[in-house]
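Notes follow once the structure below has been shown.
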Amino acid sequence: MAQSGRKTEKLDINWERAFDLYLNAIACDNELLWVQATTKLAKLSKHAPEDLLARTIPVLVELLRRIPSTDLSPSIQEAAAHCLKCVACRGEGRLAVLIGESGAIPSLLSLLLHSDGNLRRVLLKCLRNSVTFSVHNREIVVRHGGMEIILNLLNTCSDDLKRYLLEILSALALLREVRRTILISRGVCFLVEAARRGSMVSRCRAAQAIGLLGLVKRARRTLVDSGTFSVLLELLQVGDTSTKVVAANALGVISSHVDYIRPLANAGAIPLYADLLQGTDPMGKEIAEDVFCILAVVEENGVAIVEHLVRILRGDSAEAKAAAADVLWDLAGYKHLPSVVRNSGAIPILVQLLEDQNIDVREKVSGAITQLSYNEADRAALANSGAIPRLVDMLQDESEEMRDNAAEALVNFSEDPSLGDRISDVLNSPSFQNMQERLTQIRASDAYLAASLRHMNTEQLTMDPAALI
């Protein structure tokens with residue numbers, strides 16, 4: 001405990017006096033004194049005022065450029081790089097920006113080319129911190145050929161240094177030109193590895209870069225062949241909330257191609273997206289909904305997805321139930337899935353949830369029921385589950401969206417010869433009549449558009465719009 005107390009004890013140091021002493025040490029023609037003073041500065045940097053550290057940066061960069069005249073270990077270059085590494089972490093990125101503006105980046109890159117052992121390790125750590133805390137420094141690295149240096153070192157370095165290189169790569173890969181270089185130079189495998197190894201912050205950056213690279217169609221095959229699915233799915237399991245969202249989004253981008261829908265589902269994605277749908281992050285829920293809509297294009301995926309949605313609907317979380325109902329709302333419109341939804345047992349649960357206390361749940365559920373009411377077999381299942389009287393009651397609801405959903409569903413019921421007599425009591429309702437009129441107009445418009453398209457010839461369909469002006 002005494003040791004812990006010493007660690008948290010505030011240092012009583014006259015920092016201006018300490019800075020003057022450091023400058024005096026550097027002014028001496030004694031390389032050993034330089035190393036000792038700079039090493040001590042690195043240790044104190046976590047406590048030193050930001051403005052004082054900013055004044056040390058030009059001094060440290062100058063030391064970084066000095067060629068050692070002795071065989072000291074560590075050398076003055078190593079001591080200076082280590083100190084800059086420590087300084088870069090301070091000031092919420094401001095000091096890292098100053099390090100870049102001081103010209104340190106080209107010196108670090110130049111030293112990397114001719115270094116080995118512990119010096120190379122310290123240089124990589126310094127460069128990693130510099131690009132982690134400053135976007136501008138990433139641009140400086142690229143401008144001075146640093147991307148090529150990093151890729152070459154990744155191909156030749158020992159495994160114990162690879163982590164630092166991958167963490168540098170993950171930061172640089174957030175730049176578009178770097179992603180282009182990675183793709184052209186066949187470095188995608190390194191970006192995928194960066195999402196697998198290193199700190200979670202770095203892995204998250206790599207996942208984000210993978211998602212951005214996945215927007216390029218020709219890159220998707222390379223990403224998949226490099227093992228992207230397994231890496232991103234692992235992040236969906238072990239990452240923090242923000243990392244899970246980033247990984248989920250990247251997977252969603254790649255899975256938007258029809259060739260990868262089955263492989264992603266077969267890799268175990270559906271349960272993980274179901275977990276994300278039940279999470280607390282709004283963006284995560286939205287991504288999960290979108291990906292489910294993509295994966296459900298394949299019927300067997302749709303079956304598995306609906307099973308998870310039904311399980312969520314039976315749960316206690318109102319937010320999760322609303323999200324699950326929203327997905328069912330979308331899936332109910334898929335021509336190959338109505339029987340899947342019906343056979344899953346979802347319809348009785350949806351009908352019960354029309355009386356849920358949470359308005360968002362009721363609105364999303366009413367939307368799903370409205371979509372289901374367009375299918376004859378689903379209408380019968382809804383009626384048998386007691387949907388009609390609940391929908392009739394909803395015509396008086398305070399929510400306009402719920403009144404509209406209820407009216408639309410009841411119009412569909414009224415047009416069913418086997419069910420129309422059950423809603424005779426609401427035929428004179430203003431909400432019902434307004435919706436009936438709107439649907440009639442929409443259907444007439446759709447029919448007119450379809451007829452117009454049938455009469456258009458190929459020349460008209462391919463005509464340059466500019467020719468009409």
In region 140-178, the residues that are of a type in the set (Lys, Arg) and closer than 21 Å to Ala207 by Cα
Lys162, Arg163, Arg176
When region 218-243 is examined, which residues are found to be open to solvent by 40 Å² or more (accessible area, probe 1.4 Å) and among the β-branched types (Val, Ile, Thr)?
Thr222, Val238, Thr241
Condition test on Val246, is it open to solvent by 20 Å² or more (accessible area, probe 1.4 Å), among the aliphatic types (A, V, I, L, M) and under 21 Å from the mean Cα position of the chain (by Cα)?
yes
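Might you let me know whether region 285-299 holds any residue that is open to solvent by 10 Å² or more (accessible area, probe 1.4 Å), touching a Leu at 6+ places or on another chain (Cβ under 8 Å) and either polar (S, T, N, Q) or over 25 Å from Leu235 (Cα atoms) (or both)? Working first, answer last.
Taking region 285-299 as the starting set, the residues that turn out to be open to solvent by 10 Å² or more (accessible area, probe 1.4 Å) are 285-287, 289-290, 293-294, 297-299.
After this cut, where a residue has to be touching a Leu at 6+ places or on another chain (Cβ under 8 Å) as well, the list is 285, 287, 289, 293, 299.
Checking which are either polar (S, T, N, Q) or over 25 Å from Leu235 (Cα atoms) (or both) leaves us with 299.
Checked against the condition, which is being open to solvent by 10 Å² or more (accessible area, probe 1.4 Å), touching a Leu at 6+ places or on another chain (Cβ under 8 Å) and either polar (S, T, N, Q) or over 25 Å from Leu235 (Cα atoms) (or both), region 285-299 yields at least one hit.
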When (1) open to solvent by less than 90 Å² (accessible area, probe 1.4 Å); (2) over 29 Å from His144 (Cβ atoms); (3) outside any helix (DSSP H, G or I) are applied to Leu32, the one that fails is (3)
So which helices (runs of 4 or more DSSP H) stay within region 333-398 end to end and still have 2 or more residues that are over 33 Å from the mean Cα position of the chain (by Cα), under 22 Å from Glu319 (Cβ atoms) and at pLDDT 90 or above?
346-353
For region 170-200, which residues satisfy the criterion of being of a type in the set (Gly, Ala, Ser) and surrounded by fewer than 18 Cβ atoms within 10 Å (Cβ to Cβ)?
Ser185, Ser199
Looking only at region 340-362, which residues are of a type in the set (Asp, Glu) and loosely packed, with under 15 Cβ neighbours inside 10 Å?
Glu355
Residues that are part of a helix (DSSP H, G or I), without any contact (Cβ under 8 Å) to a residue 40 or more places away in the chain and over 15 Å from Ala195 (Cβ atoms), drawn from region 239-268
Val258, Asp259, Arg262, Pro263, Leu264, Ala265, Asn266
Residues within region 60-90 that are surrounded by fewer than 19 Cβ atoms within 10 Å (Cβ to Cβ) and either among the aromatic types (Phe, Trp, Tyr) or not in a loop (DSSP other than H, G, I, E, B) (or both), tallied:
2
Options Ala406, Ala323; residue that is hydrophobic (A, V, I, L, M, F, W, C), in a helix (DSSP H, G or I), crowded, with 23+ Cβ neighbours inside 10 Å and in contact with a Lys or Arg (Cβ under 8 Å, 6 or more places away or on another chain)
Ala323
Considering only residues of region 253-269 that are out of contact with any Ser or Thr (no Cβ under 7 Å at 6 or more places or on another chain) and crowded, with 23+ Cβ neighbours inside 10 Å, which is farthest from Gly211 (Cα to Cα)?
Ala269
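Asp316: open to solvent by 10 Å² or more (accessible area, probe 1.4 Å), at pLDDT below 95, outside any helix (DSSP H, G or I) and of a type in the set (Asp, Glu), yes or no? Walk me through how you get there before you give the answer.
Values: open to solvent by 10 Å² or more (accessible area, probe 1.4 Å): yes; at pLDDT below 95: yes; outside any helix (DSSP H, G or I): yes; of a type in the set (Asp, Glu): yes.
So Asp316 passes the test.
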Exactly one of these conditions fails for Val192: (1) over 20 Å from the mean Cα position of the chain (by Cα); (2) farther than 19 Å from Leu127 by Cα. Give me its number.
(1)
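Need at least 3 residues that are open to solvent by 50 Å² or more (accessible area, probe 1.4 Å) and either hydroxyl-bearing (Ser, Thr, Tyr) or over 18 Å from Leu53 (Cα atoms) (or both) per element, so show me which helices (runs of 4 or more DSSP H) inside region 91-169 make the cut, counting only ones lying wholly within it. Give the derivation first.
Details: elements: 94-101, 104-113, 117-132, 135-143, 146-156.
Where helices (runs of 4 or more DSSP H) fall fully within region 91-169 and carry at least 3 residues being open to solvent by 50 Å² or more (accessible area, probe 1.4 Å) and either hydroxyl-bearing (Ser, Thr, Tyr) or over 18 Å from Leu53 (Cα atoms) (or both), they are 117-132, 135-143, 146-156.
The values are calculated or read from the model by the stated rules, or taken from the named source; none is laboratory data. If you're wondering where the values come from, they're calculated on a predicted model, not measured in any experiment. Here the Cβ is made from the backbone with ideal geometry for all residues, glycine too, and neighbour counts use every protein chain on show. The accessibility values were calculated without ligands, DNA or RNA, using every heavy atom of the protein model including side chains. Shrake-Rupley method; radii C 1.70, N 1.55, O 1.52, S 1.80 Å.
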